[in-house]
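One structure below.
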Amino acid sequence: MNSYQIATAEQPYFSDATIFANSAALTRAFVMQDYEIGMHAQEFFEINIITRGHGIHYIEHNLLPAECGDVFILPPNIQHGYTGGAGFDVAHLLISNQFMKKYLSELQTLPAFYLLFNAEPLIRQTNKQPLFLSLSGEDFEKTKTIFQQINQLTEIHSAATFIQSNALSIILISILCSSYAEQFNTTDILKEDEAFMQALAFIHERFDEKINISTLASIAKLSRSSFIRRFHEVCHMPPATYLRKVRIDAAAHMLTNTNLSISEIALRVGFYDTSHFVRSFIRDKNCSPNQYRKKVDVLC
């Protein structure tokens, strides 16, 4: 049995340390045939594309049909599993946390990136309707080819193939984001959730500005109280907490990829009081910004 198929009680999560151990590759791609797996989670992003047949995808407390062409984006630490068995094939792209840190600046410029990788997975956990991406035609064939190429490259351990693998992964993600942007703008389903996702996208795109709940509620086409209630249902936290986490994650990226001062980073992510920023960072990351920067430097 393939080691990817089972999450044992002793090892409940797939982690960067186990999946990407002893390799400079930052992504891994493979196709699991006749696929079934119990509930499990991973500590990195995962892209699943159904390449043959149909089955059921269990995500947290929800159950969704999984048909050929369906795309599932799985953020870290999301419990999920599949039933399908004979004739049900699932392509996997495992994306290390280091990959996301390294290429976030480029990825966040892609159309609908935050919608597809942040907002949509949250809504999918609480909604049984088909709001997720489904590929067909040329885009579907392109993604299958890219999966095969990445899989072949990661078997060859060289600097050149690792660079090619990373580039192909970015191309695949860009295809998914462009397809989702087109689907998101043309679909007629679930208008209330589409508007809500626009509000989440607004947070990710404008987190460095002053954002109030009334503005977000207006974008979501909900009353203030209905927006707060829906936000709790989808994100399991208040809007202010979600905004803080987005800002802190952006700050963490700047700490590891720039030489900006702590006060400058605080301003750039929307904190106008450096001491407030430091307290918020410690609350979310369990260390100060300076400690975080030093710790990452040591790991690198």
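Just a few scattered comments:
- Leading residue by the ranking (surrounded by the most Cβ atoms within 10 Å (Cβ to Cβ)) among those in the range 25-35 that are without any contact (Cβ under 8 Å) to a residue 60 or more places away in the chain and within 19 Å of Val71 (Cβ to Cβ): Tyr35
- The numbered conditions (1) over 24 Å from His236 (Cβ atoms); (2) under 18 Å from the mean Cα position of the chain (by Cα); (3) assigned to a helix (DSSP H, G or I) are all true for Thr109 except (3).
- Scanning the range 209-244 for residues that are under 18 Å from Leu267 (Cβ atoms) and open to solvent by 60 Å² or more (accessible area, probe 1.4 Å) returns Glu209, Lys210.
- 1 or more residues in contact with a Cys (Cβ under 8 Å, 6 or more places away or on another chain) and closer than 17 Å to Phe196 by Cα: qualifying helices (runs of 4 or more DSSP H) within the range 207-300: 239-257
- Breaking point among (1) modelled with pLDDT of 90 or more; (2) under 19 Å from the mean Cα position of the chain (by Cα), for Phe117: (1)
- Taken together, the residues in the range 267-294 that are basic (Lys, Arg) and loosely packed, with under 14 Cβ neighbours inside 10 Å amount to 3.
- Where a residue in the range 279-299 is within 16 Å of Arg244 (Cα to Cα) and its partner, wherever it lies, is open to solvent by 60 Å² or more (accessible area, probe 1.4 Å) and modelled with pLDDT of 85 or more, with Cβ under 6 Å and at least six apart: Ser288/Ile282
- Members of the range 36-80 that are in a loop (DSSP other than H, G, I, E, B), among the charged types (D, E, K, R) and either buried (at least 20 other Cβ atoms within 10 Å of the Cβ) or more than 15 Å from the chain's Cα centre (by Cα) (or both): Glu36, Glu60
- Selection from the range 122-144 of residues that are closer than 21 Å to Leu74 by Cα and modelled with pLDDT of 75 or more: Leu133, Ser134, Leu135, Ser136, Asp139, Phe140, Lys142, Thr143, Lys144
- For the range 81-106, taking the residues that are within 18 Å of Ile49 (Cα to Cα) and of a type in the set (A, V, I, L, M), the one that is farthest from the chain's Cα centre (by Cα) is identified as Ala86.
- The one condition in (1) hydrophobic (A, V, I, L, M, F, W, C); (2) within 18 Å of Lys210 (Cβ to Cβ); (3) surrounded by 20 or more Cβ atoms within 10 Å (Cβ to Cβ) that Ala250 fails to fulfil: (3)
The values are calculated or read from the model by the stated rules, or taken from the named source; none is laboratory data. What you are looking at is a predicted structure, and each value in this text was computed from that prediction instead of being measured. All Cβ positions, glycine included, derive from the backbone under ideal geometry; neighbour counts span all protein chains shown. Keep in mind that these areas ignore ligands, DNA and RNA; they rest on the heavy atoms of the full protein, side chains included. Shrake-Rupley method; radii C 1.70, N 1.55, O 1.52, S 1.80 Å.
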